[in-house]
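Report on the structure given below.
The values are calculated or read from the model by the stated rules, or taken from the named source; none is laboratory data. Remember, predicted model here, so these are calculated numbers, not experimental data. Methodologically, a virtual Cβ is constructed for each residue, glycine included, from the backbone with ideal geometry; neighbour enumeration extends over all protein chains shown.
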Amino acid sequence: MKNAFLLFFFTGIITLQAQTLEELQAILAIQKDSLKAVKSRVDATQGKIDAFPGWKKGAFGTIGGSFSNFNNWYAQKSPNNRSGNIGFTGNAFANLDADNFFWRNSGAINLSWVKFDDKDVMDTSKWREATDVFNISSLYGLKLNETLALSGLGEYRTTILNNFNNPGYLDAGIGATWTPIKDLVVVAHPLNYNLVLSRNDVIFKSSFGTKILVDYTRQIKEVSFKTNLSMFQSYKSSNFSNWTWNNTFGYTLWKMIGVGFDFGLRSNKQEALKYYDNLYDITSGNPTPSFENIDNKLQSYYTLGLSYKF
């Protein structure tokens, strides 16, 4: 009788626990549905707020780095060495959207350094610039309708760690801006002056031309990305034309921290000529570098690392 009572008692406890667990799971399911409903309402309200005229500001970036140290690692050519790589990118914007006009401002920077220190060789412990990109732009437009505006653009591009303003590019022009969808801006300015700042006036020349700028910035839940294409087509000579395409991707893993990836492509024949002209040795017997005989290779860079969204 006693054993039967104990069996009944423990069976009742187990049954009670099972029912309690099922009830908790049911409550949790209801709470999750409620959270989804609340988030949908919050997102809808936020969308209405974002649609109102006024300033919209933001910033995000990527940080990447790696370090290593070897002592008496005889399997490699330099058994005693220290090496490192540090890089970061930053993107910021401040946009004003009013009923009759808009004013869009943005800035981007990408810097990185590398070091390889052979402990058995003197004077190798130096950080060297690896990536050096700086860009700011300001676009003002008078709206003709919802998607088309008369606009003026100022854009400045250079390096800041090394060869500051050698060269630097300042574009100033007027034309039209098309915004077919939200967050996409297409600029076409047939009246534009490309001012090239440099200490080498033989290679770098300023000229009039057409400026094309395409910028798309978007955030979808945890994913954010920005792509920017800046092109200048010179009326004087195709040798003075150039284009740069920069891209930034970010994925948020936890709170404001995530993974970021940046890459860029660039073509600039004046910069290529300057590079080969600096390498030219008059005793080599090769022809003097010129726009006609240089190899204008595609320029590129990428950075992968942790990202932080401001």
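Residues that are touching a strand residue (DSSP E or B) at 6+ places or on another chain (Cβ under 6 Å), of a type outside the set (A, V, I, L, M, F, W, C) and farther than 14 Å from His189 by Cβ within region 133-146 comprise Asn135, Lys143, listed in sequence order. Looking for something out of contact with any His (no Cβ under 8 Å at 6 or more places or on another chain), buried (at least 16 other Cβ atoms within 10 Å of the Cβ), assigned to a strand (DSSP E or B) and among the polar types (S, T, N, Q) - is there at least one such residue anywhere in region 139-157? Checked against the condition, which is being out of contact with any His (no Cβ under 8 Å at 6 or more places or on another chain), buried (at least 16 other Cβ atoms within 10 Å of the Cβ), assigned to a strand (DSSP E or B) and among the polar types (S, T, N, Q), region 139-157 yields no hits at all.
Can you name the residue in region 232-254 that is in contact with a Ser or Thr (Cβ under 8 Å, 6 or more places away or on another chain) and among the hydrophobic types (A, V, I, L, M, F, W, C) and is also modelled with the lowest pLDDT among such residues? The residue in question is Phe249. Note on region 272-310: among residues that are farther than 30 Å from Met256 by Cβ and among the aliphatic types (A, V, I, L, M), the one that is surrounded by the most Cβ atoms within 10 Å (Cβ to Cβ) is Leu273. Of all residues assigned to region 179-186, none qualifies as being acidic (Asp, Glu), farther than 25 Å from Tyr140 by Cβ and exposed (fewer than 15 other Cβ atoms within 10 Å of the Cβ). For region 257-279, the criterion of being free of Cβ contacts under 8 Å to residues at least 12 places away in the same chain and on the phi > 0 side of the Ramachandran plot is satisfied by no residue at all. Being modelled with pLDDT under 95, part of a strand (DSSP E or B) and over 27 Å from Tyr275 (Cβ atoms): is that true of Lys182 here? Judged against the criteria, Lys182 is not a match.
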